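The values are calculated or read from the model by the stated rules, or taken from the named source; none is laboratory data. Note that this is a predicted model, so its numbers are computed, not measured. Cβ coordinates were reconstructed from backbone atoms using ideal geometry, including for glycine residues, and neighbour counts include every protein chain displayed.
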Amino acid sequence: MAADEQADSYFSDEGESIAPVSLVYEHQFLKHQVDHQKKRGQQDDRRVLLYPSPHALTEPEMISLGEEGDRLTDLMESDAALRRRAIELGFRVRFSGEDGTSEQLNAYLREHEVQVPTPNPDQTKVDAPDLDALERIINHVGSCRPPGQDDDE
């Protein structure tokens, strides 16, 4: 399943029954939270964004492969509206030498009453778990009781 399709399934109203655990990009989760806040007046507190340790870090990068790519790169640097749109989609927009915390994204999230992710000082890059390990994680989490249910129920 493509990353966008997986995220759409996970964030749907039936998402918890489809996948109790899902690997999604930070920007997909943050955009979902902003959309949920706008639509329902509150954050989606049934889903949680976890940053594993060591930190699984992905850094989407725009690489120009020609003149049109060069123009787009120039626009990203100079066009405030385009940068703002990238932030609305949950991306941390920065350029060489800039701090990776992206205060612009954090400010946008605060404006929309969405919790700002806590910076993780552990910047070790790791790969996602292999499919066998991921299946074990999903099976374990899927057998957990829903929040608020006691053992006596």
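Looking only at residues that are of a type in the set (K, R) and within 18 Å of F29 (Cα to Cα) in segment 59-110, which one is modelled with the lowest pLDDT?
R92
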**OP:** Out of D35, D44, D8, report the one residue that is within 16 Å of the chain's Cα centre (by Cα), under 26 Å from L131 (Cβ atoms), surrounded by 11 or more Cβ atoms within 10 Å (Cβ to Cβ) and at pLDDT 70 or above.
**Re:** D8
Subject >> Restricting segment 75-94 to residues that are outside any helix (DSSP H, G or I) and without any contact (Cβ under 8 Å) to a residue 12 or more places away in the chain, the residue that is surrounded by the most Cβ atoms within 10 Å (Cβ to Cβ) >> reply: R94
